[in-house]
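Accompanying notes for the structure given below.
The values are calculated or read from the model by the stated rules, or taken from the named source; none is laboratory data. Everything quoted here is computed from the prediction, not taken from an experiment. So basically every Cβ, Gly included, is an ideal-geometry build from the backbone, and we count neighbours across all protein chains shown.
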Amino acid sequence: MIHTPRGSWALQLVATIVAALLTAAISVVPAAAATPSLTLTPNVDPPSPGVGPPVIFQVSGSGFPDSVAINIYWDSSDVALAVSTSTGTFSGINVQVPTSATPGTHWVTAVAEGTTGTAAQAQFTVQANWPQFRYSQLHRGRNPYENVLNTSNVGTIDLDWSYATGGAITSSPAVSGGTVYVGSADDYLYAINATTGALVWKYQTGNSITDSSPAVANGIVYVGSTDDYLYAVNASTGALSWKFKTGAAINSSPAVVNTTVYIGSTDDSVYAVNATTGAQVWKFTTGGEVVSSPAVANNVVYIGSYDENVYAINATTGAQVWKYATTGKVSASPAVSEEVVYAGSQDENLYALDGPTGTLVWKYAAGGAVESPAVTNGTIYVGSDNGVFAWINAYTGDYIAKETYSSAYTISPVAVANGVAYVGVSNGNAYAFYLDVDGVEAWKAATGAAIAAQPTVVNGVVYIASEDFSLYAYDQNGGNQVKTAPPPPDPSTLRPNPELESAQ
């Protein structure tokens, strides 16, 4: 028989009881509640346009009570309802970015009904881009998302900031992700903070960047230089991704469509280049220098040449679809709208050509070499080198109105946004005109030299590049408006929309 000391047995009994009590105590402590959280996909987008499909993002959440109704707010407005699952999640709730949502930070809040303080919040940035020459590969020159500057307030804008480069700027600025990209005759491609005007980075090419306007896509900036190269530069860091050599200087602006970059060269050719690798996809040779920038629509590249023709080229194969002969060099860039190609020529005519066939629809005698036109709402806005800025009926080619400067002046390509047209003039002034009051000036600003580049209008700012070596940013109150993110709303103050709930 084994004898256990009484003291040792007592200690073991006490230890057993204590362990049991601790285990029981732990078992009755409830698990810590999960912290509610939201995911917005995407969390940066432009406002919904006034005309056309709305801009939609999706809201997903986790960590909410199970099987409860959840109100989703845009700022303080109840805009959608969700019901959490048995695990306290929800996903794929569509929310429209309001047409009136101004650029900057907005808050999305999800509040669980019937609870106290169960809510989650996430930031959404309203931000539009002007990512390439003439806004998009269609070259209509129109920003459909501008909702800050309009006919009632454009006359009050003033200089916010300016940035001086080391050479004349004839490259039109591109704006993407809160950064302005512009080339200069000082051989550099610049990235400038769109809000502050501070330099982000600059990249040196082998010669001047003259007229070739940057295009931004997939985190890369594409631009041509007079050193014969097309460059692809990382948009965030300014590091070179690749460069592609043509046979002569590049004054054409690149158009980026999906995985291909299209650009012209003064070696008489049009190139298609793989946007990721820089490898040549195809080359099409014309009979003259190509300084015109390509417009791309319906898998066709439209571009002009110094050989006095407008070309339509298959975007995939590089085969000619058609060509139309003018009687002058075609240096301006075509615009495409409703399967009509609008192309200006140095023979002083603006041509409207049928996109699929190349047949003439009409032509308008401008009285001077014609710049790249802007097209919106059935009207064409175009300048020429005889100092005339004209409004033209897009369907008939009939003259509507005009603004005349000195015949010695040249008008830049036109930008259009929210009822206002913006142009630069070789007298050094930038102008804004009301679209609904033909020929009436709304605003002007003076730079120190000629303006050859198209203005860029986005997020309530007008960017003007000048041959006085500087890039200018004009906006409301000269930049004195509040630019800091607003605080999130207090979820306890948000009130459900009864109409929204009854509709559900």
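Here Val440, Val420 are screened, and the one residue that is in contact with an Asp or Glu (Cβ under 9 Å, 6 or more places away or on another chain) and free of Cβ contacts under 8 Å to residues at least 12 places away in the same chain is Val440. Mind checking whether some residue in segment 398-421 is under 26 Å from the mean Cα position of the chain (by Cα), polar (S, T, N, Q) and assigned by TED's automatic domain parsing to the domain that holds Ala164? So far as segment 398-421 goes, yes, one or more of its residues are under 26 Å from the mean Cα position of the chain (by Cα), polar (S, T, N, Q) and assigned by TED's automatic domain parsing to the domain that holds Ala164. The number of residues in segment 162-184 that are assigned to a loop (DSSP other than H, G, I, E, B) and buried (at least 20 other Cβ atoms within 10 Å of the Cβ) comes to 8. The one condition from (1) under 20 Å from the mean Cα position of the chain (by Cα); (2) surrounded by fewer than 24 Cβ atoms within 10 Å (Cβ to Cβ); (3) at negative phi that Thr156 does not meet is (1).
Applying the criterion of being in contact (Cβ under 8 Å) with a residue 40 or more places away in the chain and assigned to a loop (DSSP other than H, G, I, E, B) to the residues of segment 379-417, the residue that is surrounded by the fewest Cβ atoms within 10 Å (Cβ to Cβ) is Gly397. Given the condition under 16 Å from Pro455 (Cα atoms) and in contact with a Gly (Cβ under 9 Å, 6 or more places away or on another chain), answer yes or no: does some residue in segment 395-409 qualify? No, the conditions are met nowhere in segment 395-409. Inspection of segment 375-382 finds a residue satisfying the criterion of being under 22 Å from Ile169 (Cα atoms) and within 28 Å of the chain's Cα centre (by Cα).
For segment 198-212, does any single residue satisfy the condition of being in contact with a Ser or Thr (Cβ under 7 Å, 6 or more places away or on another chain), surrounded by fewer than 20 Cβ atoms within 10 Å (Cβ to Cβ), closer than 26 Å to Ala432 by Cβ and of a type outside the set (Phe, Trp, Tyr)? Within segment 198-212 (the criterion being in contact with a Ser or Thr (Cβ under 7 Å, 6 or more places away or on another chain), surrounded by fewer than 20 Cβ atoms within 10 Å (Cβ to Cβ), closer than 26 Å to Ala432 by Cβ and of a type outside the set (Phe, Trp, Tyr)), the answer is no, since none of the residues qualifies.
Pairing residues of segment 279-308 that are in contact (Cβ under 8 Å) with a residue 24 or more places away in the chain with residues that are assigned to a loop (DSSP other than H, G, I, E, B) and of a type in the set (Phe, Trp, Tyr), at Cβ distances under 7 Å and at least 6 apart in sequence or on separate chains, gives Gly288/Tyr306; Glu289/Tyr306; Ser293/Phe133.
Conditions (1) closer than 23 Å to Lys402 by Cβ; (2) in contact (Cβ under 8 Å) with a residue 24 or more places away in the chain; (3) crowded, with 24+ Cβ neighbours inside 10 Å; (4) not hydrophobic (A, V, I, L, M, F, W, C), marked per residue:
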| position | (1), (2), (3), (4) |
| --- | --- |
| Gly318 | no, yes, no, yes |
| Lys323 | no, yes, no, yes |
| Lys329 | no, yes, no, yes |
| Val336 | no, yes, no, no |
| Tyr342 | yes, yes, yes, yes |
| Gly355 | no, yes, no, yes |
| Lys363 | yes, yes, no, yes |
| Ala366 | yes, yes, yes, no |
